[in-house]
Amino acid sequence: VFAAGMGVVGEGLLRVCEALGCSMQCAGPEGAGDRPVVVFVHGLNSSRAMFLVGMHFLRARAKHLGPMVCLRYRTRPEDGMHETANVVRDKVMEECRQHAATRVVLIGHSAGGVLCTMVAEDLSRGEEGVQVEGVVCLSAPWRMP
């Protein structure tokens, strides 16, 4: 479930999990403190449901990490990767502000991995006051068309 493209099955899983009270946010104690926020970014033809199991698995085993969240964003065919990366960056910054975090770890699947590297490059300029601690790309393409 964690690594597969989920499509309709993933959306169904997401609805079932949300109905059972599972959240797409897996926050630890209030705020991030000195721990990095972990942000999961799905691919362009996927949904955040694909990270549900992996997020809760990681939370149970990685106490040194801060709050975890799966971003929700939509893409349109006319949006390019740069525009989508800007949307993802804004959402990452929103999560960092919400959790009073100055550090972030980005985890992306497929094109989400490409988006994570684009966001990390943008944040590396230091203008936003957030340091990227790491980027994990799962099945990410080397380049996008």
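Every read-out reported here was derived from the displayed coordinates using simple, explicitly stated rules and does not represent laboratory data. These figures come from a predicted structure and were not determined experimentally. So basically every Cβ, Gly included, is an ideal-geometry build from the backbone, and we count neighbours across all protein chains shown.
Table for the structure above
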{"quantity": "The range 33-73: C-alpha gyration tensor shape, a/c 1.5 cut-off, then a/b vs b/c", "calculated": "oblate"}
{"quantity": "Dimensionless Rg over Rh [the range 24-138; C-alpha; Kirkwood]", "calculated": "0.94"}
{"quantity": "HN-Hα J in Hz across the range 39-49 - Karplus 6.51, -1.76, 1.60, θ = phi - 60°, x for Gly and Pro", "calculated": "10, 9, 10, 6, x, 6, 10, 9, 9, 5, 4"}
{"quantity": "Electrostatic dipole magnitude of the range 24-138 [Cβ: Lys, Arg +1; Asp, Glu -1; Cα centre; debye, to 20]", "calculated": "500"}
{"quantity": "Gain on full stretching of the segment that runs from R59 to T102 - 0.36 nm per residue minus C-alpha separation", "calculated": "13.5 nm"}
{"quantity": "Sparse-neighbour loop sites [trypsin sites (Lys or Arg not before Pro); the range 82-145; at most 16 other C-beta within 10 Å; DSSP]", "calculated": "R125, R143"}
